[in-house]
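Comments concern the structure below.
The values are calculated or read from the model by the stated rules, or taken from the named source; none is laboratory data. Because the structure is a prediction, the values reported are computed rather than measured. Here Cβ is always computed from backbone atoms with ideal geometry, including for glycine, and neighbour counts include all displayed protein chains.
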Amino acid sequence: MTTDIRTPAPPPPQAPKAQPGHLTSAKGTGRLGDKIFLGFSRGAGITLLVLMGAIAVFLTIRAVMALSKNEGNFFTTFEWNANSTPPVFGIAVLAFGTIVSSIIAMLIAVPIAVAIALFITHYAPRKLATPIAYVIDLLAAIPSIVYGLWGALFLVPHLTGVYKWLDSWLGWTVVFSYDGGAARSLMTVGILLAIMILPIITNVSREVFAQAPKMHEEAALALGATRWEVIRTAVLPFGRSGVISASMLGLGRALGETMAVATVLSPSAILSAKILEPGGGTFAQNIASAFKEAGEFGRDALIASGLVLFVITLLVNGAARLIIARRKEYSGANG
């Protein structure tokens with residue numbers, strides 16, 4: 001009778017336990033490179049805050065100087081006569097035009113951009129996806145004035161028939177009623193802005209969808225899900241925060257776009273719900289058009305309108321951050 005004596009296997013090596021404060025802070029490492037990097041990073045953040053504060057202070061001081069002499073209500077007056085005596089100006093038409101054109105652009109661009117991003121990452125073969133992505137990158141590099149010239153010379157003449165068709169079917173809504181004339185309206189501006197922000201939203205969404213956890217997609221496929229069900233259950237929830245961020249980037253460009261809007265739009269001081277009719281205005285377009293002929297007080301008035309656009313942009317980005325914070329579970333940190 002023999003006894004089987006086996007030598008017990010040695011325990012697997014364990015990673016050394018991190019000491020309190022070890023590698024948790026660049027300040028505690030004592031390395032010169034970490035301290036330099038920490039200083040640069042902290043300095044960059046502080047510099048950004050200082051710049052934002054300086055811009056806000058400058059806009060506020062100049063805006064207060066202009067508003068103190070305004071004979072009209074800044075928020076409800078339609079006309080913009082900052083060079084008259086006494087000066088009368090308001091942002092009612094500008095705020096309406098900026099918000100409406102941006103909403104139109106987002107309603108058109110976001111669904112199309114998300115669809116293109118999904119097609120590139122999950123449907124198109126590599127030989128087709130690569131050139132499409134390359135073309136989209138090129139669209140993002142086109143200057144604004146080129147878009148504006150294309151919109152004025154090509155888009156405006158060809159939208160007249162489309163507007164007549166919309167009027168024949170949806171004219172009863174008043175919003176889509178069209179009495180003729182050049183298609184230099186807020187709707188045209190919204191369509192042009194949608195084309196301009198489409199590459200931005202597509203590129204960011206594409207990168208987010210490409211990083212979706214493959215294990216989640218394979219698990220859904222193993223359970224018998226179709227390709228669309230995989231996208232709906234594994235890809236879109238993961239990329240929701242990224243799509244929101246991409247949309248906010250596009251919205252930021254739509255709110256502040258200047259030359260393209262100034263080239264296409266026929267500005268007027270009439271506030272109308274008919275988005276197909278010529279007229280309207282935006283903050284950026286009004287600043288670009290009126291700055292050259294404005295006197296010192298007129299420039300202060302334009303800066304006051306710029307302050308409103310600055311606040312709107314901050315509110316939009318703040319709202320986006322709140323939405324993303326509510327969706328932390330889809331950020332991909334657990335992928």
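Name the pairs: first residue in the stretch 295-319 and in a helix (DSSP H, G or I), second residue among the hydroxyl-bearing types (Ser, Thr, Tyr), Cβ to Cβ under 8 Å, at least 6 apart or on different chains?
What qualifies is LEU307/THR60; LEU309/THR98; ILE312/THR98.
Tell me which residues, restricted to the stretch 280-315, are within 22 Å of the chain's Cα centre (by Cα) and hydrophobic (A, V, I, L, M, F, W, C).
Correct list: PHE283, ALA284, ILE287, ALA288, LEU307, VAL308, LEU309, PHE310, VAL311, ILE312, LEU314, LEU315.
When the residues of the stretch 168-213 are narrowed to those that are surrounded by 14 or more Cβ atoms within 10 Å (Cβ to Cβ), aromatic (Phe, Trp, Tyr) and farther than 18 Å from TYR123 by Cα, which ends up nearest to the chain's Cα centre (by Cα)?
PHE176
Within the stretch 293-305, does at least one residue satisfy the condition of being modelled with pLDDT of 90 or more, surrounded by 20 or more Cβ atoms within 10 Å (Cβ to Cβ) and touching a strand residue (DSSP E or B) at 6+ places or on another chain (Cβ under 6 Å)?
yes
So THR24 fits all but one of (1) at pLDDT 55 or above; (2) not in a helix (DSSP H, G or I); what number is the exception?
Condition not satisfied by THR24: (1).
Condition first: more than 24 Å from the chain's Cα centre (by Cα) and free of Cβ contacts under 8 Å to residues at least 60 places away in the same chain. Now tell me which residues in the stretch 130-159 satisfy that.
THR130, PRO131, LEU153, PHE154, PRO157, HIS158, LEU159
Checking the conditions here, which among LEU315, LEU322 is more than 22 Å from GLY97 (Cβ to Cβ), exposed (fewer than 15 other Cβ atoms within 10 Å of the Cβ) and modelled with pLDDT under 90?
Going through LEU315, LEU322 in turn, just one is more than 22 Å from GLY97 (Cβ to Cβ), exposed (fewer than 15 other Cβ atoms within 10 Å of the Cβ) and modelled with pLDDT under 90: LEU322.
Among the numbered criteria (1) polar (S, T, N, Q); (2) closer than 22 Å to ASN286 by Cβ; (3) out of contact with any Gly (no Cβ under 6 Å at 6 or more places or on another chain), which one does THR160 miss?
Going through the list (1) polar (S, T, N, Q); (2) closer than 22 Å to ASN286 by Cβ; (3) out of contact with any Gly (no Cβ under 6 Å at 6 or more places or on another chain), THR160 breaks only (2).
In this structure, does ALA260 turn out to be buried (at least 20 other Cβ atoms within 10 Å of the Cβ), part of a helix (DSSP H, G or I) and out of contact with any strand residue (DSSP E or B) (no Cβ under 8 Å at 6 or more places or on another chain)?
Judged against the criteria, ALA260 is a match.
What is the one condition in (1) at pLDDT 90 or above; (2) farther than 30 Å from VAL308 by Cβ that ILE104 does not satisfy?
(2)
Only one of (1) under 29 Å from TYR163 (Cα atoms); (2) not in a loop (DSSP other than H, G, I, E, B) fails for ILE275. Which number is that?
Only one criterion is unmet by ILE275, namely (2).
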